[in-house]
Each structure stands twice: as C-alpha cells, then as structure tokens.
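Right, one structure below, let's go through it.
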Amino acid sequence: MSGLGVFFRRIWPQLLTLAVIVGLISVMFPGFFDISIANGRLYGSPIDILNRGAPVALLAIGMTLVIATRGIDLSVGAVMAICGAVSAWGITAGYGLGATLLMALSAGLACGLWNGLLVAVLGIQPIVATLILMVAGRGIAQLITEGAILTFNHEGLIFFGSGSILSVPTPVVIWVLTGALVTLVVRRSALGMLIEAIGVNLRASTLAGVNTRVLLIAVYMASGLCASLAGVIAAADIRGADANNAGLWLELDAILAVVIGGTSLLGGRFSLIASLVGALVIQAVNTGILLSGFPPEFNLIIKAVIILIILVLQSPAMRTLLVFFSRDPRGVAETEKETVTP
Amino acid sequence: MKSTKAIVGAGVLASMLMLSSSVFAQTVGFSQIGSESGWRAAETTLTQQQAKERGIDLKFADAQQKQENQIKALRSFIAQGVDAILLAPVVATGWDSVLEEAKEADIPVILLDRMVDSSDDLYLTAVGSDLVHEGNVAGQWLVDELGGKDCNVVELQGTTGSSPAIDRKNGFEQAIKGHDNIKLIRSQTGDFTRTKGKEVMESFLKAEDGGKNICALYAHNDDMAVGAIQAIKEAGLKPGEDILVVSIDAVPDIFQAMAAGEANATVELTPNMAGPAFDALAAYTKDGTMPPKFIQTESKLYTKDDDPMKVYEEKKDLGY
C-alpha cells in the first residue's frame, strides 16, 4: 500500500498534466471522448492518442534507461528508419514474417550494440557516439530501400501497424506490454538500481563490482530494440518504409517524453511509467492541435508554449514556490527546526 | 524480354532519326541535385533515357545536395568543352559567376525544374512546372466532378512555408473561387509524408462527424493521399466514393490506388523535364532559335479513365 502511495507521489504531476491537456481538448472539441468500434477496432480520439503515441512511447522506454545511466541516444529515429526498411525489404524479398521480424529486431540490436561499444568500450561521450548513427542511419536505410518508399502488402506485417488484438490497436498492445515487461524486469530485480548507480557515479559502481561495461552496452541494445519495434510499427502503419521520413526528429520527442516524465538528464533515478505518461502528453498535444483546426503555421508555436508551461511547472524553482505557498505544516516545521538548531 | 527489345529498337530508330535530322552529335553535361526523393530519381532516369534516344552523350554529375559540388561539376563541364549544360539548381542564389563562365565559353545552360536568382541572359531557358497551375487543375477537376453539388473539402498541405505548399494551395483556392457549393472546411499540414498524411486525416475524420461531413480530400502530394486513404478505410468509409480523393505528383503508388477505385484524380508533375530541354536545345543549335525564357511542362490530369494500371507499369521502373 505504501509502495503504491510512493508510486503515485512520483507520477502525479505527469498524470495531472495529461488530465489537464485532455480536459482542454475536450472543452475545445466536445466529441473527444466518443469511442466506437469501426472495422472491429476501437475508434476515437483517445484511441488515436494511444495509437499514434506508440513510436514515441516505445522510444521513451529505451531512452529512459539510457538517460538513467547519464547517457543519451540520438540515433533512435534513424534506427527506426533502418529497421522499418529492413522489415519492408525482408517481406518483399519473400522471407517469411518470422524471419523478417527477426531481421528487423536484430538490426535494432546491432545498432544498439554499435552505440554501446562506442560508449562503454571506447569511452566516447554518448551524445557524440550516437550522433554518428543518427547521421549515418538514414543513409543506411536509403541504401536498403534504394531511395524509394518500399511498399508491401503482406497482411501479417501490416497487422503490426493497423491490426487489432481484442479490438485494441496492435501498436498500443505492443507498447503497453513492452513497458510493463521492462518495468517488471528492472524493478523486480536489482537491474534498475544498478542502472541508476551507473548514472549517479560510473566509477564508484565499477569499483563496487558492478559490471558497468556490459550493463551499459545492454542498455543501449535495449534502446535499439525499442527503436526497432517502433520502426516496424511505423512501416506497417503506412504499408511502406520511408527512409527519408520514418522516425524523423522522434529522438527529440523521446527525450522530451523522458524529461516531462521527470527523469533527470544527469542520470540516476528514473521512472518508466512517468516517461510513458510523458509520451502520451506529447501525443495528446499533437492530436489536440490537429483537432482544434488552427492553421498549421501555429502548430509548432502552440506545442512549444504548452511544453514550456509544463517544464516551468516542473522546475525546481517552481516546486520550492509551491511548497512555500502550500504551507505544508510538516515542511514548515522542518524548516523552522533547521533554523532553530544551531 | 520482347518488350525490352522493342524499346531498344525504338530507341535506336529514334536516335537514327535524330541523327539524320541534326548532324550535331552532342555532349551534354547534367548537374543533378541528388536523389533525395523518388521523383528526382525518376527525373534522372528519364533524362538519361531522353539523351540516349536522341544520341546525346550525357555526362551525369550527382551533387548530393551541395551547391559547391554543382559549381565544381559545371566548371569541369566547361573545361571539357561540352556543347550544353543542364542544371537542376539546389538553391536559387550564388550562380552568377559560374553561369558567366559558361556564357564566356559559349555553352548554353538550361535550368531544370527549379529557378535561379541570376539575370535571365545567363541561361538559355528554364524548364519547369507551374505549381499554382497544378493546384488549379486539381481544383478544376473537383468543380467539374461535382457539377454544383454541395461539398465540404479537407486539405492536406505540404510542409508549412514551402513553395509547393503555398502555390498548390493558392491554385486550388483560385479554381474553387466563385463555386459556393465547395467549402474548404479544414486544412492542416501533412509534411508531404505518408505517416503525417494518415495521422492528420484520422483527426479530420474524428473532428468532422466520423467523416460524414467530408465529401472530398485535396492533398498537396500523392504520398499524403496514400496515407489518408488508409485512414479513411480504417474509419470504415470508402475512399474514392464516400470521400473523393484528388492529389498532385502522379507517383506510381497513386495509380494502384486509382485502379482499386480508392483515389479519383492526380495531377502529374512530370519528371520528364529533359525532353522539352533537349527539344529547345536542338532548335537553338540548328538555326539559333531562341526559346522562351520559361518552358512550362504540361500538368496532365489522370483519372480512372486513363487506365491507371498501365500508367503504373510504365512508371514503376523509373526509380520513383
């Protein structure tokens, strides 16, 4: 019970933000909560947010782990393009669905391994190390698709983008399951704590006997794997691999999701659930802008202003101010005690 | 196999005809921007085909999106003493000095697809499409198709602020102006991509009573239309019937959709800019006929009556 309480204390700002944004949208657009079933699949704006948010949510899972180690992975958008291209190429070249997925996921793992080796073994700064693949990745994807949009009509692969499981769109199922699985793995074992330890102090963790090198590589590989899932979903969604545009700038949205989720870019403590809520906040803003009917010139400005407000409200200065005004008796008592004791 | 032989045969025949009509066996340098989109890849393929048909020796240089590479390529063409230069400029400014060098060397330069800011006596002519006209043709098709019926149109714009997005929007609005039965109810950017086209169309459908309030979609390019068609289908509506779909570019995939009855019309942005360029060049070298400073390519309208599958087969190997 107390564990659950701590959990909600951690993520209530994110949940509140999401609720406020969803509330704002439903005021502007009263039909927001209408959910029906079309073609055997849930249909409605809230479903759109969950469904369209899938790529960023998946990227955010990997990104949270990487950022917790005090790293950053700029290559995830390009890795999405590569894995989407691999899946489209595999299915059109006549490999089966299983083999195609295996190839796409392996490509993501290989990209993660590359990043991990640069960071953990060669000791290159993460932002520089992953920048390499961010730049080169799109070129690799274009080599695979030969510069064109590689389209396919394989029902099995399309299922990952526009299919549904028990009426829930497949991308939603995939990111929810991935999120739950990764959370279980890192929180039900010491893995999460070790990742945080690396982020707080790499050298101290190594000296304490943590195999930081392997763990760092594993974290980047997890990020690559998440990116490959996102890439397959993005390609399956439009039934084609668009090397130029798949996952373009999504690495920034993923980082933003983690930041909104309250995980510090300086590493250490992290919350996967909060990052996922952060991803939903970003997508809710995007969908809200589209529903609002404003001219497209305003899209980016509105998004930036909303993000700014969220981040200002979350800033340490604002938190201090909140504590001050709420006059929490405990907080006040503690400060008083501190001032009294010599 | 037979068909390739026939094509090669036709090509040889055509080149013999060209050779007999003009004794100028020419060398032409072609500085291409790069291969950033399928359309540009198709332009490169068609330019090479057109040169081959006319017996022109084409020297091809890919600039990989860099102006300095294009200027280098132009200087090397001038040094080699080519008979003419085709240039698809990556940006509009900064061409004056290299174009003057070409002029001093008496080498005519023809611009393809994009314009430059230099004075127009520095190049022979420019071949390109009129983006406003393209939007106009699309709008005119919708006006004719509806024949006075009331219609709410949603628009998927290109990248905000890009000249194709601005011009194609203006052209379409000009065409529907004065037709009060047609109303543009929503307009949003889909960034010229399939993913965004699909996402934005999904929100249009939700915002307009599950799509019942929408009678037509106008997309600034085919890729966004292809994405939107999927969104319409997933919403349980029939694209092409419940919601008319008209777009611009004429890439192969839209013809597949058209053959399936899911798209209604597309306006071609022809990748064959080299054909008119070579024609103008031939006339100029033959008897010095000065072409007009801007040669506008045809913005052809394709509908389901144009045998979409056949067009698809013709276009699919051009590198789109």
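At a glance:
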{"item": "Lysine pairs in the stretch B:131-268 with Cα atoms under 18 Å, if 8 or more residues apart or on separate chains", "result": "17"}
{"item": "Residue A:6-residue B:48 pseudo-label distance in nm [points 7 Å out on the Cα-to-Cβ vector]", "result": "6.5 nm"}
{"item": "FRET efficiency estimate (nearest 0.05) - Cβ-Cβ, residue B:238 to residue A:314, R0 60 angstrom", "result": "0.85"}
{"item": "Tilt relative to chain B, helix B:163-176 - C-alpha long axis, 0 to 90 degrees, to 10", "result": "50 degrees"}
{"item": "Contour minus Cα-Cα distance for residue B:160 and residue B:65 (0.36 nm per residue)", "result": "32.1 nm"}
{"item": "Positive-pole candidate from B:181, B:220, B:123, dipole of the stretch B:120-262, charges at beta carbon", "result": "B:181"}
{"item": "Given charges at beta-carbon only (K, R positive; D, E negative), |dipole| of the protein assembly as shown in Debye", "result": "2700 debye"}
{"item": "Test item: B:199-209 mean partner chain Cβ contacts at 10 Å", "result": "6"}
{"item": "Descending principal axes extents, the protein assembly as shown, alpha-carbon based, whole Å", "result": "102, 62, 51"}
{"item": "Debye-sum result for the stretch A:54-314 in log10 I(q)/I(0), which assumes one identical scatterer on each alpha carbon, at q = 0.07 Å⁻¹", "result": "-0.23"}
{"item": "Set of lysines near residue B:103 by C-alpha distance (under 21 Å), chain-local residues within fewer than 8 positions excluded", "result": "B:59, B:72, B:286, B:293"}
{"item": "Equivalent ellipsoid semi-axes, chain B, via Cα gyration tensor eigenvalues times 5, rooted, Å", "result": "39, 22, 17"}
{"item": "Rounded to 10°, Cα long-axis angle of helix B:131-146 versus longest principal axis of chain B", "result": "40 degrees"}
{"item": "Point-to-point label distance, residue A:106-residue A:132, nm (Cα→Cβ direction, 7 Å offset)", "result": "2.3 nm"}
{"item": "Counted charge near residue B:150, where neighbours are those whose Cβ lies closer than 10 Å (Asp, Glu -1; Lys, Arg +1)", "result": "+1"}
{"item": "Residues listed by number, the stretch B:150-184, amide nitrogen under 13 Å from residue A:297 label point at 7 Å toward C-beta", "result": "B:160-162, B:166"}
{"item": "Cα-centre dipole for the stretch B:131-268 with unit charges at Cβ (Lys and Arg positive, Asp and Glu negative), debye to 20", "result": "280 debye"}
{"item": "Alpha-carbon centroids, the stretch B:259-281 and the stretch A:26-95: separation in whole Å", "result": "35 Å"}
{"item": "Gap separating the Cα centres of the stretch A:218-253 and the stretch A:138-157, nearest whole Å", "result": "13 Å"}
{"item": "Helix axis angle, A:54-68 relative to chain A longest principal axis, alpha carbon, degrees", "result": "50 degrees"}
{"item": "Value of [θ]222 nm, deg cm²/dmol, for chain B, DSSP H segments ≥ 4, -39500 (n - 2.57) each, nearest 500", "result": "-14500 deg cm²/dmol"}
{"item": "The stretch B:131-268: projected area of the alpha-carbon convex hull, averaged over directions, in nm²", "result": "6.9 nm²"}
{"item": "Contact order relative to length of the stretch B:131-268, as percent, for alpha carbon pairs under 8 angstrom and 6 or more apart", "result": "26 percent"}
{"item": "In the stretch B:27-81, the GluC sites (Glu not before Pro) that fall in loop regions by DSSP, at most 15 other Cβ within 10 Å", "result": "B:36"}
{"item": "Convex hull of the stretch A:141-234 built on C-alpha atoms - directionally averaged projected area, nm²", "result": "8.5 nm²"}
{"item": "Given charges at Cβ of Lys, Arg, Asp, Glu: chain A dipole, positive-most of A:158, A:175, A:317", "result": "A:317"}
{"item": "Inter-chain Cβ neighbour average for residues B:252-260, partner chain, 10 Å", "result": "1"}
{"item": "Kirkwood Rh and Cα Rg combined as Rg/Rh, the stretch B:198-319", "result": "1.15"}
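Read-outs throughout are calculated quantities, based only on the coordinates presented, and are distinct from any laboratory measurement. None of the values given here were measured: they were computed from a predicted structure. No Cβ is skipped: glycine too gets one built from the backbone with ideal geometry, and neighbour counts run over all protein chains shown.
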